[in-house]
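The values are calculated or read from the model by the stated rules, or taken from the named source; none is laboratory data. Quick caveat, the model's predicted, so the values are computed rather than measured. Note: ideal-geometry Cβ built from the backbone for every residue, glycine included; neighbour counts use all protein chains shown.
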Amino acid sequence: MKEFSTLSIKETISSLKNKDFSVSELIDFHISSMENGRELNAFITETSDIARKKAIVCDQNYSKGEDKPLEGIPIGIKDMFCTKGVKTTASSKMLENFIPPYESTVTQNLWDDGAILLGKLNNDEFAMGSSNETSFFGEVKNPWKNSMDNFTVPGGSSGGSATSVAAGIGLASLGTDTGGSIRQPASFTGTVGLKPTYGRCSRWGIIAFASSLDQAGPITKTVRDCALLLNSICSYDPKDSTSSQKKIPDFEKATDESIKGMKIGIPKEYEADGISEDIIEYIEKGKEWLVESGAEIIEISLPHIKYALPCYYIIAPAEASSNLARYDGVKFTHRVDAENIIDMYEETRSQGFGDEVKRRIMIGTYVLSSGYYDAYYLKAQKVRAMISQDFKEAFSKVDAIYGPSTPSTAFELGDKKKDPLEMYLNDVFTVPVNLAGLPAMSVPVGLDKKNLPIGMQLIGNSFNEESILSIASCIEKSAKFDLNPNRWWINE
Amino acid sequence: MNNLVKGETGDWEIVIGIEVHAQIVSNSKLFSSASTKFGGEHNTQVSFVDAGMPGMLPVINWVCVEQAIRTGLGLNAKINNYSIFDRKNYFYPDLPQGYQISQYKQPIVGEGSVTIDIDDKKSKTIRIERLHLEQDAGKSLHDQHPEFSFVDLNRSGVALMEIVSMPDISSADEAQSYIKKIRSIMRYLGTCDGNMEEGSLRADINVSVRKPGDELGTRCEIKNVNSIKFIGQAIDYEARRQIELIEDSKEIDQETRLFDPKKGETRSMRSKEEAHDYRYFPDPDLLPLSFSENIIEDIKSELPELPDDKKERFQKEYSLSTYDSNILVSEIEIADFFEAVAKGRDPKIAANWITGEYFAAMNKLGFSITNSPISIDNLSKLIKLIEENIISTRIAKDVFEIMLENNENPEEIIEREGLKQVSDSGELEKIIDNIIVENPDQVEAVKLKPKLMGWFVGQVMKETNGKANPKLVNDLLNDKLN
């Protein structure tokens, strides 16, 4: 049954249509992969029973010829998405036992298209982290060990989402991306990850981290699969005031489009940023592939992105400090009983949140405090507007922007855990995109000398996911990346 | 200005600014579709949004926006067609999100004004600083369980308008007039039912005192006063307290205070040091609130006649006094009632009856105009009977008493009871002649003392059971005795 794990969604669906195997067989395989992969710690909740039940319905739909676009496709969902009747924890002790009575719009879209929930995926607590080491449910391991045979992090915060797909558990997953939380883990695990334009996907039912930056998106094995998932999850949702009513194109079609004549910008500011040599090598290789495919490379300037990281680490914590105020012990969360209400709040929140979450709540509370608001929050908003303007000007000259997803490949577990600042620096290329609300994706291009995947980032203009999908598809063809980590986690 | 308060060291001036919290009339809440109906079972009118559930998002209810625009127009205020919702962050068990969605720097309504009447001749303009939209919180219940407090979220997320006045108010009376006026305007507009018992209208009152002409003194804010009577009491108490403190050479702490209606006192709730830092910032879940000028114009074109305009019209159209007009326009229901009763009748008689006998009876019996025991139609008929001299005013009062019992038609009452006024001069002449014949001494006396004429009138009334037309009686007596 090995072939199951190497199939893409596209290939799986055509096999299911051909009756090469049934949905139930497919699901059984993925359930056993999930069980065999527990050492990766990618899943917080396994929903095998739900999956098996739905598989029967999906098989019936195939026999009746009533199969929907993602009929029978097993998908893991980051534990930030509320799933009706299924525990949703945000990887926090605070929500350890929270079972939402509602389904997020984005996951509902998947189920409406026939997809099957395989389980809920581990992530950094409340999506705050870049290594998936802040989860209350423990760290997630990257399927790719480095050449020293040491464990590496899968990136974060969608670490479980990236690890599961890279390990062949489920055919795809959903993540959320606030400052790179889809693209960075995709890059670390050799998977494809895309953050849509802000507003493409409804945020309704997704546990909020930073509302003006959060966006859901897929992590997949291939660019085409990524487009297939996008087709399903994007929708206008009147329940989300920031949801866009813009027409949603056929994203899959974009993956077949030629990039001939496309103008692709490379920001000169990227050169200065201490990027590892292996990655620089692949940036150059990528350029060659693009030129060979008929694209034109243009140097551009994004003068203000050097301020993106500090700007992000003001705005995101500010919003988070407010978004997380509702976890107070009064309702639906963990509670520590105490003598009075103030002590109850303090004890509950001290015990319920981990260090990184507390750190960000404190930063956020500080930057919004009277006397500091103008110097921090307001200034950060101004910088954010300037960064958006930089991108706007760039996109008047180019169709997409190309560069690395991260300055380095996956680091070893525990390596940066002690130094939050160094951890934050990992987001340097991904964060500006969220501040500007633009679509961007990471596509794997090869392995570095430590045998770890390298991802390249493509940034598109607002509501132009199609261009980056076309370019990513082209890179994918040239790179011929083999998503095949050594399966150390299977004890056979 | 007679608003000065005497202290040991001379006269003091009170400076008052009021924040009114008015619940918007709408079927559903500001950001959710849950019902706003008053009096439901605890926690039965709560959506996932109102409970602050993870991942839930607010969506603006445009009905509430229109109501705020309508109110702003009623307060002669500038409508801002671009405004921002902010989060006001603080922890409280009945605040499920951990923040209240409000408007801070850019409210939907800017500066405006209302006019209050000081007396029949004088009025005063109170400037409005702003009106903004915000969510109400839930309610903590401390009397349900010996160890726990419970929370009722039915009110959580209900739409409020906060109307902030400038510190233009200088007495408890003015403050009460101001609240009454704001309430009246909103009730005319149908934007707030003004029901203070149900909490649809509450006021935070900022009070400070100073020597006339001095700089503003340190203010205290009295939170959540929920009756017009209490507003008066709270201000009087608080002003006196502050004056005494200053005159004793003590400092006034800038603080938030609560009014205790049982003791008639204000007491400290929290000091400035304990004041919250609300960490306002624009709510990233909501887009800026923007709408076109057309929407404002459309709402403006459909505004009803408001109290000030109605008062002016009543004075012009019905030649009513300022006093009567003020009373009649104070509530939309009274104004409508008056106009219905007065239709085709002498408006002055109608106004006198409504503001006099009718209101006195309503107060005494505990009725209001909305559950009046006398129908418009029957009251109107009574006015007609008076107007046409079929009954005297005195008899009318008796008829009115009977009407109060079961809303009987006054025409039927006077028919049945034989109360029609005697205006037949032949009949009256007979009676008068009889009296003259039987009382020769009095006839002599009245020639020397014309004031004694009243005795003769009294005798005629006695003979006719009060039904004689008094004017006719006077005329006839004058003819016969002079």
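Each row is one residue, and each column tells you yes or no for (1) of a type in the set (F, W, Y); (2) more than 30 Å from A:K17 (Cβ to Cβ).
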position: A:L40; (1), (2): no, yes
position: A:F43; (1), (2): yes, no
position: A:E46; (1), (2): no, no
position: A:P69; (1), (2): no, no
position: A:I116; (1), (2): no, no
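Among A:G329, A:G354, which is in contact with an Asp or Glu (Cβ under 9 Å, 6 or more places away or on another chain), at positive phi, surrounded by 18 or more Cβ atoms within 10 Å (Cβ to Cβ) and touching a residue at least 12 places away in the same chain (Cβ under 8 Å)?
None of the others qualify; the one that does is A:G329.
B:L216 is checked against (1) under 21 Å from B:L306 (Cβ atoms); (2) in a loop (DSSP other than H, G, I, E, B) and fails just one. What number does that condition carry?
(1)
Any chance you could count how many residues in the stretch A:364-378 are surrounded by fewer than 20 Cβ atoms within 10 Å (Cβ to Cβ), within 13 Å of chain B (Cβ to nearest Cβ) and assigned to a helix (DSSP H, G or I)? Give the steps one after another, and end with the answer.
Residues of the stretch A:364-378 that are surrounded by fewer than 20 Cβ atoms within 10 Å (Cβ to Cβ), as a first pass: A:365-366, A:369-375, A:378.
Among the residues that remain, those that are also within 13 Å of chain B (Cβ to nearest Cβ) are: A:365-366, A:369-374, A:378.
This time we only want the ones that are assigned to a helix (DSSP H, G or I), so: A:365-366, A:374, A:378.
The qualifying residues number 4.
Looking at B:E339, B:E305, which one is surrounded by fewer than 19 Cβ atoms within 10 Å (Cβ to Cβ), out of contact with any Lys or Arg (no Cβ under 8 Å at 6 or more places or on another chain) and not β-branched (V, I, T)?
Details: B:E305 fails: out of contact with any Lys or Arg (no Cβ under 8 Å at 6 or more places or on another chain).
The conditions single out B:E339.
Could you list all residues from the stretch B:18-35 that are under 23 Å from the mean Cα position of the chain (by Cα) and either buried (at least 23 other Cβ atoms within 10 Å of the Cβ) or free of Cβ contacts under 8 Å to residues at least 24 places away in the same chain (or both)? Step through it out loud before you land on a result.
Residues of the stretch B:18-35 under 23 Å from the mean Cα position of the chain (by Cα): B:18-26.
Scanning the stretch B:18-35 gives B:I18, B:V20, B:A22, B:Q23, B:I24.
Out of (1) in contact with a Pro (Cβ under 8 Å, 6 or more places away or on another chain); (2) more than 14 Å from chain B (Cβ to nearest Cβ); (3) surrounded by fewer than 22 Cβ atoms within 10 Å (Cβ to Cβ), the odd one out for A:S241 is which?
Status for A:S241: all satisfied but (2).
Taking the stretch B:156-173 as the search range and keeping residues that are surrounded by fewer than 22 Cβ atoms within 10 Å (Cβ to Cβ) and either closer than 15 Å to B:I231 by Cβ or at pLDDT below 95 (or both), which one is nearest to the other protein chains (Cβ to nearest Cβ)? So that I can check it myself, show each step before the final result.
Looking only at the stretch B:156-173, we keep the residues that are surrounded by fewer than 22 Cβ atoms within 10 Å (Cβ to Cβ), and these are B:162, B:164, B:166-168, B:170-171, B:173.
Pick out the ones that are also either closer than 15 Å to B:I231 by Cβ or at pLDDT below 95 (or both) and you get B:170-171, B:173.
Numbers: B:S170: 31, B:S171: 33, B:D173: 36 Å.
Checking each candidate, the answer is B:S170.
Can you go through A:G170, A:G193, A:G156, A:G175 and tell me which one is at pLDDT below 95 and buried (at least 24 other Cβ atoms within 10 Å of the Cβ)?
Result of the check over A:G170, A:G193, A:G156, A:G175: A:G156.
Residues are listed down the side, and each one gets a yes or a no for (1) in contact with a helix residue (DSSP H, G or I) (Cβ under 8 Å, 6 or more places away or on another chain); (2) surrounded by fewer than 22 Cβ atoms within 10 Å (Cβ to Cβ):
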residue	(1), (2)
B:P54	yes, no
B:V65	no, yes
B:T71	yes, no
B:N81	yes, yes
B:F85	no, no
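Is it true that some residue in the stretch A:2-14 is of a type in the set (D, E, K, R) and under 28 Å from A:F151 (Cα atoms)? Spell out the reasoning first.
If we filter the stretch A:2-14 for residues that are of a type in the set (D, E, K, R), which is where we start, we get A:2-3, A:10-11.
From what's left, under 28 Å from A:F151 (Cα atoms): A:2-3.
Checked the stretch A:2-14: at least one residue is of a type in the set (D, E, K, R) and under 28 Å from A:F151 (Cα atoms).
Take A:V336 and decide whether it is within 14 Å of chain B (Cβ to nearest Cβ) and either part of a loop (DSSP other than H, G, I, E, B) or under 28 Å from A:I233 (Cα atoms) (or both). Walk me through it before giving the result.
Working: within 14 Å of chain B (Cβ to nearest Cβ): no; either part of a loop (DSSP other than H, G, I, E, B) or under 28 Å from A:I233 (Cα atoms) (or both): yes.
Considered against the rule, which asks whether it is within 14 Å of chain B (Cβ to nearest Cβ) and either part of a loop (DSSP other than H, G, I, E, B) or under 28 Å from A:I233 (Cα atoms) (or both), A:V336 comes out as no.
Among the residues that make up the stretch A:387-402, is at least one of them part of a loop (DSSP other than H, G, I, E, B), of a type in the set (S, T, Y) and more than 11 Å from chain B (Cβ to nearest Cβ)? Talk me through it step by step, then tell me what you get.
In the first step, residues of the stretch A:387-402 are kept if they are part of a loop (DSSP other than H, G, I, E, B); the result is A:395-399.
Checking which are of a type in the set (S, T, Y) leaves us with A:396.
Pick out the ones that are also more than 11 Å from chain B (Cβ to nearest Cβ) and you get A:396.
Looking through the stretch A:387-402, at least one residue is part of a loop (DSSP other than H, G, I, E, B), of a type in the set (S, T, Y) and more than 11 Å from chain B (Cβ to nearest Cβ).
Being closer than 25 Å to A:S235 by Cα, surrounded by fewer than 24 Cβ atoms within 10 Å (Cβ to Cβ) and facing chain B (nearest Cβ under 10 Å) is the filter here, so list the residues in the stretch A:86-102 that pass it.
Selection gives A:P100, A:P101, A:Y102.
I need the strands (runs of 3 or more DSSP E) fully contained in the stretch B:51-149, keeping only those with at least 2 residues that are hydrophobic (A, V, I, L, M, F, W, C) and in contact with a strand residue (DSSP E or B) (Cβ under 9 Å, 6 or more places away or on another chain).
B:112-117, B:123-135
Among the residues of the stretch A:175-190, is any charged (D, E, K, R) and closer than 30 Å to A:S276 by Cβ?
First pass over the stretch A:175-190, keeping only residues charged (D, E, K, R): A:177, A:183.
Narrowing further to those that are closer than 30 Å to A:S276 by Cβ: A:177, A:183.
Checked the stretch A:175-190: at least one residue is charged (D, E, K, R) and closer than 30 Å to A:S276 by Cβ.
Pull up the stretch B:93-115, narrow it to residues that are over 25 Å from A:S212 (Cα atoms) and surrounded by fewer than 22 Cβ atoms within 10 Å (Cβ to Cβ), then point me to the one that is farthest from the other protein chains (Cβ to nearest Cβ).
Start the filter on the stretch B:93-115 by keeping residues that are over 25 Å from A:S212 (Cα atoms), which leaves B:93-94, B:109-115.
Those still in the list that are surrounded by fewer than 22 Cβ atoms within 10 Å (Cβ to Cβ) too: B:93-94, B:110-111, B:113, B:115.
On the way: B:P93: 5, B:D94: 9, B:G110: 22, B:E111: 25, B:S113: 30, B:T115: 36 Å.
If we take residues in the stretch B:93-115 being over 25 Å from A:S212 (Cα atoms) and surrounded by fewer than 22 Cβ atoms within 10 Å (Cβ to Cβ), then B:T115 is farthest from the other protein chains (Cβ to nearest Cβ).
Looking at (1) at the interface with chain A (Cβ under 9 Å from one of its Cβ atoms); (2) touching a helix residue (DSSP H, G or I) at 6+ places or on another chain (Cβ under 9 Å), can you tell me which one B:F48 breaks?
Of everything listed in (1) at the interface with chain A (Cβ under 9 Å from one of its Cβ atoms); (2) touching a helix residue (DSSP H, G or I) at 6+ places or on another chain (Cβ under 9 Å), B:F48 misses just condition (2).
Could you tell me which numbered condition A:S258 fails, if it satisfies all but one of (1) more than 11 Å from every other protein chain (Cβ to nearest Cβ); (2) more than 29 Å from A:M80 (Cα to Cα); (3) without any contact (Cβ under 8 Å) to a residue 24 or more places away in the chain?
Of everything listed in (1) more than 11 Å from every other protein chain (Cβ to nearest Cβ); (2) more than 29 Å from A:M80 (Cα to Cα); (3) without any contact (Cβ under 8 Å) to a residue 24 or more places away in the chain, A:S258 misses just condition (3).
Could you tell me how many of the residues in the stretch B:52-86 are within 24 Å of B:C192 (Cα to Cα) and within 11 Å of chain A (Cβ to nearest Cβ)?
Total meeting the criteria: 5.
Looking at the stretch A:403-458 only, could you name the residues that are modelled with pLDDT of 95 or more, part of a loop (DSSP other than H, G, I, E, B) and among the acidic types (D, E)?
Answer for the stretch A:403-458, where residues must be modelled with pLDDT of 95 or more, part of a loop (DSSP other than H, G, I, E, B) and among the acidic types (D, E): just A:D448.
Consider B:L286 against the criteria (1) assigned to a helix (DSSP H, G or I); (2) within 30 Å of A:S241 (Cβ to Cβ): it satisfies all of them except one. Which criterion is unmet?
Result: B:L286 passes all but (1).
Would you list the helices (runs of 4 or more DSSP H) that sit entirely within the stretch A:1-98 and hold 2 or more residues that are under 30 Å from B:L57 (Cα atoms)?
Working: elements: A:3-6, A:9-17, A:23-36, A:48-63.
Answer list for the stretch A:1-98: A:48-63.
Does A:L425 satisfy the condition of being touching a helix residue (DSSP H, G or I) at 6+ places or on another chain (Cβ under 9 Å), in contact (Cβ under 8 Å) with a residue 40 or more places away in the chain and within 26 Å of A:R359 (Cβ to Cβ)?
On the way: touching a helix residue (DSSP H, G or I) at 6+ places or on another chain (Cβ under 9 Å): yes; in contact (Cβ under 8 Å) with a residue 40 or more places away in the chain: yes; within 26 Å of A:R359 (Cβ to Cβ): yes.
Here the answer is yes, as A:L425 does meet what is asked.
Looking at the stretch B:1-17 only, could you name the residues that are in contact (Cβ under 8 Å) with a residue 60 or more places away in the chain and among the charged types (D, E, K, R)? Before you say what the answer is, go through the steps one by one.
Keep residues of the stretch B:1-17 that are in contact (Cβ under 8 Å) with a residue 60 or more places away in the chain, which gives B:1, B:3-5, B:7-17.
Those that are in contact (Cβ under 8 Å) with a residue 60 or more places away in the chain and among the charged types (D, E, K, R): B:E8, B:D11, B:E13.
For residues in the stretch A:287-302 being in a helix (DSSP H, G or I) and among the charged types (D, E, K, R), which is surrounded by the most Cβ atoms within 10 Å (Cβ to Cβ)?
Quick first cut of the stretch A:287-302, residues in a helix (DSSP H, G or I) only: A:287-292.
Then keep just the ones that are among the charged types (D, E, K, R); that gives A:287-288, A:292.
Working: A:K287: 16, A:E288: 11, A:E292: 10.
Once the filter is applied, the top-ranked residue is A:K287.
I'm trying to understand the selection: among the residues of the stretch B:385-418, which are surrounded by fewer than 17 Cβ atoms within 10 Å (Cβ to Cβ) and either out of contact with any helix residue (DSSP H, G or I) (no Cβ under 7 Å at 6 or more places or on another chain) or assigned by TED's automatic domain parsing to the domain that holds B:M461 (or both)?
B:E388, B:N389, B:R394, B:D398, B:E401, B:E405, B:N406, B:E412, B:E415, B:R416, B:E417, B:G418 - these are the residues of the stretch B:385-418 that are surrounded by fewer than 17 Cβ atoms within 10 Å (Cβ to Cβ) and either out of contact with any helix residue (DSSP H, G or I) (no Cβ under 7 Å at 6 or more places or on another chain) or assigned by TED's automatic domain parsing to the domain that holds B:M461 (or both).
Can you name the helices (runs of 4 or more DSSP H) wholly within the stretch B:384-482 that have at least 1 residues being under 30 Å from B:I354 (Cα atoms)? Talk me through it step by step, then tell me what you get.
On the way: elements: B:393-406, B:410-417, B:425-438, B:440-448, B:453-463, B:470-481.
Counting at least 1 such residues, we get B:393-406, B:410-417, B:453-463, B:470-481.
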